[in-house]
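As C-alpha cells, the structure follows; a few thoughts come after it.
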Number of protein chains: 2
Amino acid sequence: MSPDQTVTAAILVIGDEILSGRTKDKNIGYIAEYLTAIGVDLREVRVVPDVEEEIVDALNALRHRYSYVFTTGGIGPTHDDITADSVAKAFGVAIDYDPRAVALLRQRFHGAELNEARMRMTRIPDGADLVSNKISLAPGFWIGNVIVMAGVPTIMQSMLDEVGPKLKTGKKMLAESVRADTKEGDIGTELGEIARAHPDVSIGSYPFFDDKLGPNTNVVIRSRDADKLATAKAAVEAMLASVKARLKAG
Amino acid sequence: MSPDQTVTAAILVIGDEILSGRTKDKNIGYIAEYLTAIGVDLREVRVVPDVEEEIVDALNALRHRYSYVFTTGGIGPTHDDITADSVAKAFGVAIDYDPRAVALLRQRFHGAELNEARMRMTRIPDGADLVSNKISLAPGFWIGNVIVMAGVPTIMQSMLDEVGPKLKTGKKMLAESVRADTKEGDIGTELGEIARAHPDVSIGSYPFFDDKLGPNTNVVIRSRDADKLATAKAAVEAMLASVKARLKAG
C-alpha cells in the first residue's frame, strides 16, 4: 500500500465480562493510541458477548470493510473461550490442534499435563500464522486481515508489539492540540467556520474543567499534511485571540 | 414488560477522540455495571466516528435489535457535535431548536449571549423527551428506545441517574464469584463439563495474576434463578476441591 493511501482498522472485543461491567476494558484505548501512532486509522469498535453467531457476524461485517480487524479475548483454555473456532467459522476454514502451538505449550508446561483444557489453546484455524506471546507462550494468530489476540492487557500488548512492525501503514495522522482558555460555547460558531474552510483538516473540540479557569476547551487539529495542519492551527489561534479580545471588551 | 422477560441494551459511543486514542472511554464500563445492577442486559457496544452516515447506520442496526440504545458523545456546541441531527435522520423525523431546551440554556447563560454555537445544544428531534443534565443544564434526550447522553462522564452519569428509574427492567442477573486458587488450565475441562450440565447458568473463567500464588482464576457464575445459581456454585466448589486434591496427590 502506498504511503498516501489510508490503512484502516476495527477492534472486536469479545467477552461477556466486558458487557456485564465486571471487567473494565483497557485494550480499546491502548490499541487506538498504538494504531494512530503507526499510521493506521481506527474506524470502528464493537464489543460482543461469548456467543459464536455474534462473533461470526461482527467479524464478517468488519473484516470486509477495514484493512485490519484486531480481536481481543476468548482464546484461553475454558469452555467460554470460543474465539478461535468462531474465527474459523467466519472464514469458512477448518480448525484443529496446531503442531506449532502444541510445541509452544509443551515448552511452557514441560512437567505438567497438557490436558484437554490447555490443548484448547492450540486450536488454530487452517492457514493462520501464529502471533507469539512472550508472557505465557499460548499464541494468538493472524488469518487474512484478522489478528486474534488475548484479552489480558499485558499479553495483548505483547502480541501487538509482535504484529505492529508487520502491518501495512498509511501516512501518519499528525495532530496539534491548542488549549483555548475559553468556554466551548464561546468559540463553537467560529470553529465551525474554520472547519468548513479547511476541509482536509479534522478539527475536534473537547471541553474540560480547569481548576483555575472553570469550563475550558482543547481544540485538536488533525491532518496527514503538515502544511495544511499548520495553516489550520494558525487560523484557530488567530480566532481564539480575536474571540478573547471581543469577550474582554464586551 | 413482565419480570421474567429479558430487557436488552446496546451502547453507541460517538466520537473521533475515542477512536484516535486521545480520549480513553470511561462510559462503557460505567453504563455496563449500571445496567447489570438494575436488570438490563447489555448485549453490544459500538464506537463510531463523528460521521453522520456511520452514526445513522449503527443506530438503526442497534435500535431495531435491542430494547434500548444508549448513545454517548456529540451533543455539545461545536461543528463536530452531530449526534442530535444524526438521530433525527435515523428516525426520519424533523429536528429544530426546542423551546424547552432553549429555556434551560437561557437559565444557564442568563447574562451571556445565547449564540449560534450554544443554540446548537437546543436542537432536539421532534417527539423526543428531554433528559435533564444537573451539571451544565444542556439536556440529552430520549426518542423511541434511544437515549442520547453527553460524552463527559460526570454529565453522562447524571443523565443516566435521571433515566434509570424510568427504564423497563427484567429479572436481575445474579452473580457469584469463586476464587479458584488454581490455574485456569487445570480446571478448564471440568468447568466445561459443569457449564454443559447447567445450561441455564452462565459460567465464565477469568485468569488473573496473584502476587502470592502466581497464575490464578476467578470463576463467575451468573443466573437469574437463585436456586440454579446456588446449585451451579456448589458444583464448581466441589470440582475445585476435587481438582486441588488430585493436583496435591499427583
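Throughout, read-outs are computed from the coordinates displayed, never taken from laboratory work. All values derive from a computational prediction rather than experimental measurement. Positions of Cβ are generated from backbone atoms using ideal geometry, with glycine treated the same way; all protein chains shown enter the neighbour counts.
Given the DSSP H assignment, sum -39500 (n - 2.57) over each helix run of at least 4 residues in the protein assembly as shown and divide by its residue total; what's the result at 222 nm in deg cm²/dmol, nearest 500?
Value at 222 nm, helices only, nearest 500: -12500 deg cm²/dmol.
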Query raised in the report: If the viscosity is 1.567 mPa s and the temperature 4 °C, what translational diffusion coefficient in µm²/s does Stokes-Einstein give for the protein assembly as shown when Rh comes from Kirkwood over Cα pairs?
Result: 53 µm²/s
Requested in this report: Calculate the dipole size of segment B:49-138 relative to its Cα centre from +1 charges on Lys and Arg beta carbons and -1 charges on Asp and Glu beta carbons; express the result in debye to the nearest 20.
Outcome: 500 debye
Query - Förster radius 22 Å - calculated FRET efficiency between residue B:227 and residue B:179 (Cβ-Cβ, nearest 0.05) - result: 0.45
Query raised in the report: Name the residues of segment B:218-234 whose amide N is less than 17 Å from a point 7 angstrom out from the Cα of residue B:245 along the C-beta direction?
Result: B:234
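Taking the Cα centre of the protein assembly as shown as origin, sum charge times position over the Cβ atoms of Lys and Arg (+1) and Asp and Glu (-1), and report the length of that vector in debye to the nearest 20.
Numbers: 60 positive and 70 negative charges, 150 e Å.
Dipole size: approximately 720 debye.
Within 12 Å, Cβ to Cβ, of residue A:101, how many net charges do the neighbouring residues add up to if Lys/Arg are +1 and Asp/Glu are -1?
Once all neighbours under 12 Å are counted, the net charge is +3.
For chain B, return all DSSP H helices satisfying: extent of Cα atoms along own axis at least 30 Å; mean Kyte-Doolittle hydropathy at least -0.5.
Numbers: long enough: B:226-249 (34 Å, 0.39).
Within chain B the helices that satisfy the rule are B:226-249.
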Query raised in the report: To the nearest whole number, what is the average tally of beta carbon atoms from other chains within 10 Å of the beta carbons of peptide A:48-61?
Result: 1
Requested in this report: Quick one: net charge around residue A:123, please, counting Lys, Arg +1 and Asp, Glu -1 for every other residue with C-beta under 9 Å from its C-beta.
Outcome: -2
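Return the percentage of antiparallel bridges among DSSP beta bridges fully within the protein assembly as shown, rounded to the nearest 5 %. Walk me through the numbers on the way to the answer.
On the way: 51 of 83 bridges.
Rounded to the nearest five, the antiparallel share is 60 percent.
Can you sort A:53, A:176 so the residue with the fewest Cβ neighbours within 10 Å comes first?
Values: A:53 10, A:176 17.
Ascending Cβ contact count within 10 Å gives the list A:53, A:176.
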Query raised in the report: How are the C-alpha pair distances of segment A:174-249 spread across 5 Å bins, as whole percents from the shortest bin up?
Result: 3, 17, 29, 25, 15, 8, 3, 0
Report summary line: The alpha-carbon pair-distance distribution computed for chain B, with 5 angstrom bins and whole-percent values, is 1, 6, 12, 14, 14, 12, 10, 9, 7, 6, 4, 3, 2, 1, 0, 0
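Let me confirm one metric for peptide A:204-210, namely the mean number of other chain beta-carbon atoms within 10 Å of its residues' beta-carbons.
On the way: counts 11, 8, 10, 8, 2, 4, 0.
Mean inter-chain Cβ contacts per residue within 10 Å come to 6.
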**Report entry** Value of relative contact order over chain B, rounded to a whole percent, pairs C-alpha under 8 Å and six or more apart
**Finding:** 17 percent
Query - lysines with Cα under 22 Å of residue B:233, excluding same-chain neighbours fewer than 8 positions away - result: B:171, B:172, B:183, B:244
Report summary line: With N residues in segment B:1-55, Rg(alpha-carbon) / (2.2 N^0.38 Å) equals 1.35
Query raised in the report: When N is the residue count of segment A:31-163, what does its C-alpha Rg come to as a fraction of 2.2 N^0.38 Å?
Result: 1.02
Query raised in the report: Nearest 0.05, what FRET efficiency do residue A:102 and residue B:135 give at R0 = 45 Å with Cβ-Cβ as r?
Result: 0.20
Query raised in the report: If Lys and Arg each add +1 and Asp and Glu each add -1, what is the summed charge of the other residues whose beta carbon sits under 14 Å from the beta carbon of residue A:206?
Result: -4
